[in-house]
Ligand code: TA6
């Protein structure tokens, strides 16, 4: 079940009647999910590196214990996506659904960056639906606060044909201008978009030229919508210059004011079903 690339990079490959998936042990990073007789749901850069210590460009990077770069002691989007996770149980729940569990605990290295004891568990169910549950448990004797995101890159046929519905009326921070706005209509793309929506509880619909994708989140009231467009895409690592045409990120998050304080021996779970 565990495969290795020539450079030793390890991943798990899952195949059942409903779907196939590939998950790297580094970052418990789901980088491929494809339902039977459909095109892949997740986008993966063909310029992405599969090297230890470098986040894969695409799929679902786990941003944890921080989203963005608000904590100067931590790398952008935290350290969870570039460290090795433990692969736990793999269960065939039925012929259409495989469940995998990954875990990450604090270490001497992690405590030098973020001085708390923790257990993070990722459960992925691969089937006709993709489900991801990211559970953080505070194993320390003091409270800690996290921000996090399932930073999902969705494969689209052409970004200019994409609309995102379900965020109408929601307030958002424009990360490019640091201004706050309210979303009026569905979201369309004709320039760089980097927005953190708050108060989100509804289903989000990604409409592409040839399919509609419904996202349902729980444990999360913030959603990040991002496409780098031309100039930022040209500056991004692991991306070819025209990659911006092929994906949009809709990220199930606890970001900015949706940060979560977790008390000792308590947990918080963010859940995505798509
Ligand atoms: O989620 C949007 C964002 O914060 C963008 O600002 C952009 O930086 C993107 O994440 C990718 O970040 P990364 O660290 O993966 O290059």
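The values are calculated or read from the model by the stated rules, or taken from the named source; none is laboratory data. As the structure is a computational prediction, the values presented were derived from the model and not from experiment. All Cβ positions, glycine included, derive from the backbone under ideal geometry; neighbour counts span all protein chains shown.
Collect the residues in region 59-75 that are more than 10 Å from the ligand (Cβ to nearest atom) and not in a loop (DSSP other than H, G, I, E, B), keeping them in residue-number order.
Within region 59-75, the subset more than 10 Å from the ligand (Cβ to nearest atom) is 59-60, 62, 64-66, 70-74.
Selection gives 60, 62.
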- [ ] With the checklist (1) out of contact with any strand residue (DSSP E or B) (no Cβ under 9 Å at 6 or more places or on another chain); (2) more than 22 Å from residue 238 (Cβ to Cβ); (3) within 16 Å of the ligand (Cβ to nearest atom) in hand, flag the one item residue 37 doesn't pass.
- [x] (3)
- [ ] Go through (1) assigned to a loop (DSSP other than H, G, I, E, B); (2) within 12 Å of the ligand (Cβ to nearest atom) one by one and return the number of the condition residue 81 breaks.
- [x] (1)
- [ ] Filter region 22-55 for residues that are in contact (Cβ under 8 Å) with a residue 60 or more places away in the chain, assigned to a strand (DSSP E or B) and farther than 18 Å from residue 156 by Cα and give the result.
- [x] 23
- [ ] Consider only pairs whose beta carbons are under 6 Å apart and that are at least six residues apart or on different chains; among these, list those whose first residue lies in region 169-196 and is more than 16 Å from residue 250 (Cβ to Cβ) and whose second residue is part of a loop (DSSP other than H, G, I, E, B) and modelled with pLDDT of 95 or more.
- [x] 171/198
